[in-house]
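K.L.:
This is the structure I have questions about; it appears just below.
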Amino acid sequence: MQPPADAPGSNGSGQEENDRPDAAREQLNRMRQAAQARGNQRVPASRRKQPRKAAPFIPGEYTGRDPQGLGKVFTRFVNERGWNSPVAVGSVISRWEELVGPDVSAHCKPESFSDTTVQVRCDSTAWATQLRLLRQTLIERFDAELGPGVVTRIEVIGPAAPNWRKGLRSVKGRGPRDTYG
């Protein structure tokens, strides 16, 4: 017995739904033909490479899914992206007091870091001379704390001379001379 023409599963002409062409199968066939036209070869499932089996679990060995400490994760993150040098630059400036000691850091401050050279400004010529004498010792300490080659040169700058220019505009010339009495 056939279902009525307006019943579900019928296309209205008495032909069952199973006899109609399948849209999904037609699309799959079109995609296969397009791939074949591009030159792609269809590999039967029996000839496909089988996925590799997972390595056997060994207790106590890191498998890639175990939780790790933040320090290890951050170190791996920095190394993978090649950020060792910029992070080292930041650590020289941020850890300055710890690296050089409280006495030196009270009178000498890092101003800039370019390539492997640190520019340090001292608040007096005496401290500038002292830092020049400590230069090699500080570079050795930086190598021990931050890694070799992060800092290879320390450029010492003395105190800044007073600036007589005030305001937005100034006049070129010798500046103030005999104006103090």
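Each value in this text was obtained by applying a stated rule to the coordinates, not by laboratory testing. No experiment lies behind these values; they were computed from the predicted model shown. Don't worry about glycine lacking a Cβ; one is built from the backbone with ideal geometry, like all the others, and counts go over all protein chains shown.
K.L.:
Lys and Arg at +1, Asp and Glu at -1: add these up for the other residues within a Cβ distance under 15 Å of residue 157 and post the number.
P.N.:
Around residue 157, the surrounding residues sum to +2.
K.L.:
Tell me, how many Å apart are the Cα centres for the stretch 141-172 and for the stretch 108-124?
P.N.:
4
K.L.:
Can you tell me the FRET efficiency between residue 68 and residue 45 if r is taken as the Cβ-Cβ distance and R0 is 45 Å, rounded to the nearest 0.05?
P.N.:
The value I calculate is 0.70.
K.L.:
Sorted by average packing, counted as other Cβ atoms within 10 angstrom per residue and highest first, what order do 26-37, 137-148 take?
P.N.:
In descending order of packing, they fall as 137-148, 26-37.
K.L.:
Lysines near residue 166 by alpha-carbon distance under 27 Å, same-chain residues fewer than 8 away left out - which ones?
P.N.:
Here the lysines satisfying the reach criterion relative to residue 166 are 109.
K.L.:
Which FRET efficiency, nearest 0.05, do residue 141 and residue 81 yield, Cβ-Cβ r, R0 22 Å?
P.N.:
Calculated transfer efficiency: 0.25.
K.L.:
At 0.36 nm per residue, and after removing the present C-alpha to C-alpha distance, how many nm does the segment from residue 35 to residue 112 gain when stretched out fully?
P.N.:
Length difference between fully extended and current span is 21.9 nm.
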